[in-house]
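Nothing in this text is a laboratory measurement; each read-out follows from the coordinates by a stated rule. If you're wondering where the values come from, they're calculated on a predicted model, not measured in any experiment. All Cβ positions, glycine included, derive from the backbone under ideal geometry; neighbour counts span all protein chains shown.
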Amino acid sequence: MIDCYFWTTPNGYKVLVFLEEASIPYRIIPINISKGEQFDLKFLQISPNNKIPVVVDHEPKVASGSISIFESGAILLYLAEKTAQFIPTKLAARTEVLKWLFWQVGGLGPMLGQNQHFSQYTSEKIPYAIRRYVNETKRLFKVLNNKLAHCQYICGEYSIADMACYPWVLKHPFLELQIDDFPYLKRWLDELATRPAIIRAYEKGTAINITPTVTEESKKFLFGP
């Protein structure tokens, strides 16, 4: 059994999508980051960086007892290796998936997050910051669009690289760009939206929370004083 500490953010949905795709028995433990639940001392024992998602595997293959994993990229890699699903076994193909997984966690996610932060959430609008992160988002979308011009999925076969990128690209209506400018990326996005596991993951997420994560009240927990 996997415990998934979750909230309705792109990084949270990455893990939920994998669990649904792999048909792993799991339960969702909501951590309402809008109310500061990520700072609870008990949660900090498994997530010292006070972020979701976290998974606790109560039946690990190589350890007794339970193990916890934080950081969404590390979680996807752990679950892929545990289940031998959605990651190739041959070195070259496996390396290709890892490249794009790390590209997402090191670039796509952080840059899109900064885009939305400066263009929507700050009370002080800083034109340079907005322009900087909108342009970087467009550049990253172009990189992914060019990759998908030659393959159905990011690394040829559906993998954890797709699961990592999908929830972030889905945020495009809030990122000051037009998804139609990236036709191969849009084709990929539309196709993934029809996958039953992804549909189930988002249904389960919206059953937990349909309110915006960022509000005036929640900013003190999410962004600090």
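Over all distinct Cα-Cα pairs of the stretch 91-193, the Kirkwood formula returns a hydrodynamic radius of 14.0 Å. Each of LEU19, LEU77, LEU44 has some number of other Cβ atoms within 10 Å of its Cβ, and from fewest to most they run LEU44, LEU77, LEU19. On full extension, the segment bounded by ARG131 and THR206 gains 23.9 nm, given 0.36 nm per residue less the C-alpha separation. Within the straight-line cut-off of under 18 Å between alpha carbons, the lysines reachable from LYS147 are LYS99, LYS138, LYS186, sequence neighbours fewer than 8 places apart in one chain being disregarded. Full extension of the chain between GLN178 and ASP190 gives 2.9 nm of extra length, using 0.36 nm per residue less the Cα-Cα distance. Distance between the modelled labels on GLU157 and PHE39, one decimal in nanometres: 4.6 nm (7 Å Cα→Cβ projection). Looking at the P(r) of the chain, how many percent of alpha-carbon pairs lie beyond 32 Å? Every Cα pair in the chain considered, those over 32 Å come to 18 percent.
Calculate, in nm to one decimal, what LEU91 and THR213 gain on full extension: separation in residues at 0.36 nm each, minus their alpha carbon distance.
Answer, rounded to one decimal: 40.0 nm.
In summary, the lysines within cross-link reach of LYS204, defined as a Cα separation below 17 angstrom excluding same-chain residues under 8 places away, comprise LYS14. Straight-line reach from LYS42: taking Cα to Cα under 16 Å and skipping same-chain neighbours fewer than 8 places apart, the aspartates and glutamates in range are ASP3. Between the residues LEU41, ILE2, PHE182, the greatest Cα displacement towards the positive end of the dipole of the chain, with unit charges on the Cβ of Lys, Arg, Asp and Glu, is found for PHE182.
What you get for the chain, charging only the Cβ of Lys and Arg (+1) and of Asp and Glu (-1), is a dipole of about 400 debye around the Cα centre.
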